[in-house]
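Since the structure comes first, as C-alpha cells, the remarks are kept for the end.
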Amino acid sequence: MSVLVFGGLGHVGSWIVHDLVKRGEKVIVLDANAGAFDRLGYNYLADLRDQFTLEQVDILDTHSLFEKMRAYDGQIDTVIFGVAVIAGPTFAKRPFRNIEINTVGMLNVIEACRIFEVPRFINLSSGAVYGNAPGGQTESGTPYMATDLYCATKIANEVLALQYGQTYGMQVRNARMMAIYGPGKLPSHMHELYQVLFGPLEGLRNQTVDAGGDQGMDWTHVRDSARGVIAIMDAEGIDGESFNISAGKVFSHRDILGHVEDIVGQPTGMSMGPGKFLNRGSPLDTSKAREVLQFEPVFADIKDGLVDYHEWLQQAC
C-alpha cells in the first residue's frame, strides 16, 4: 500500500515525502508543480526521485483529480493533504481564489478519498485555528478563533474533515503546525517578514518590514514539522484528534535577527517596525504530542535550526 501526498512539493510536504521514502514507504506525490520539479532546488529529493511517483494535478480540477485518484484505486491507505496558500498580508488580496484553494481543494480531495475508500486522511492544519488566543493553546481547552481569512480556512477544513470522518468512518487526524522555517524555501521567495528574519542566511541585506519587531512566534524547523506529521500518521487509536506540532517555544523576532547576524558574521542591515506582523498568539502547547506521539523537536534551540538552514542555503544558492 502507498501514501499519497497532496502538495508533496510544498515546504513541509517535500520533507514528509523525503522521510517516508527514506524509511521505505511507497509514496505518490500529486502536486500542481510536478512539471517544475527540476527547477525547485530540492536537492534532498533529487537523489530519491526514482523512488517515488510524481504526478501533476490541480486540486480544483475535480475531473482530473478523480481520474488521478482512480488510477491508484485500492493502492492507497493514507492521504496527506498539504496544499495551502500560506498566511500573510497578501492572502486577503485574492480572497475567493485563496479560500477556494485552501478549503474547496481540501473538500475535493477528501470527497475523492470517500469515494475510493481511502481509510486514513491527515489534514495539515495550523495553529492559526486559535487566532490570537494567548500562548499555551491546547487542543482541547482553546476554542477556534478566526482573526483573519486564512484562520477561517483552516478552521473550516478541520471541522469539515472531522465530520467526514464521523459520517463515513474515515480515520481523520489534524496536524496543527506553526511558523515554519528551514531548508526547502529560499527566503527571497517568501513574504517580507521571512525575508528580513532569514534572508541574510541566503545573502539578502538592508531590508525593512513595517511590523513584527515586538513579536515572537513559535518558529518551527520544517524537518520537525514533517516528523510530527508522520508521527500522527503512524499512531494508533487517535482518529478524530488534533495535535499541536511545533517547537512549543516563543522566539523573539529581534533575537532571531541577532542569531542570524552571529551566523553570517556581519551586520545585515535588516530592520523591523514595531507591533505584530501576524495577529497570532504563541507558543502552542505541545504536551499532547509529546505524551501521545512521543514527539520531541530535534531543533528545539532555534540557533541550531538557523545553522542547519544556513548550511542548506549555501548549497542551494
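Could you work out the relative contact order of the stretch 40-162, using alpha carbon pairs under 8 angstrom and six or more residues apart, expressed as a whole percent? Result for the stretch 40-162 is 26 percent. With the convex hull of the Cα atoms taken as the outline of the chain, the averaged projected area works out to 14.9 nm². Altogether, the Stokes-Einstein calculation at 10 °C and 1.306 mPa s, with the Kirkwood radius of the stretch 81-221 over Cα pairs as Rh, returns a diffusion coefficient of 95 µm²/s. Dipole magnitude for the chain: computed about the Cα centre from +1 point charges on Lys and Arg Cβ and -1 point charges on Asp and Glu Cβ, it is near 420 debye.
Secondary-structure-derived ellipticity at 222 nm for the chain, considering helices only, amounts to -11000 deg cm²/dmol, per-run term -39500 (n - 2.57) for DSSP H runs with n ≥ 4. The trypsin sites (Lys or Arg not before Pro) of the stretch 1-100 that DSSP puts in a loop, and whose beta carbon has at most 12 other beta carbons within 10 Å, are R23.
Checking every one of the chymotrypsin sites (Phe, Trp or Tyr not before Pro) in the stretch 55-149 against DSSP loop status and a limit of 11 other Cβ atoms within 10 Å picks out no site at all. Solvent-accessible area per residue in the stretch 39-177 equals 45 Å², computed with a 1.4 angstrom probe and all protein chains kept.
Most fluctuating residue of A152, A231, A36 in a GNM of the chain with Cα springs under 10 Å: which is it? Highest fluctuation among the options: A36. Using only Cα coordinates, the Kirkwood hydrodynamic radius of the stretch 1-105 works out to 14.4 Å.
The alpha carbon radius of gyration of the stretch 207-276, expressed as a multiple of 2.2 N^0.38 Å, is 1.51.
Shown for the chain: the carbon plus sulfur share of the solvent-accessible area, taken with all protein chains present and a 1.4 angstrom probe, equals 47%. Helix screen, the chain: DSSP H segments with Cα axial length of 24 Å or more and mean Kyte-Doolittle hydropathy at least -0.5 are 149-168. Among the GluC sites (Glu not before Pro) within the stretch 230-317, those in coil by DSSP and having at most 15 neighbouring Cβ atoms inside 10 Å are E236.
Heavy-atom accessible surface of the stretch 190-317, averaged per residue, reaches 41 Å², computed with a 1.4 Å probe.
The values are calculated or read from the model by the stated rules, or taken from the named source; none is laboratory data. The model shown is predicted, which means the values in this text are computed figures rather than measured ones. Here the Cβ is made from the backbone with ideal geometry for all residues, glycine too, and neighbour counts use every protein chain on show. Areas reflect the complete protein model, heavy atoms only, side chains present, ligands, DNA and RNA absent. Shrake-Rupley method; radii C 1.70, N 1.55, O 1.52, S 1.80 Å.
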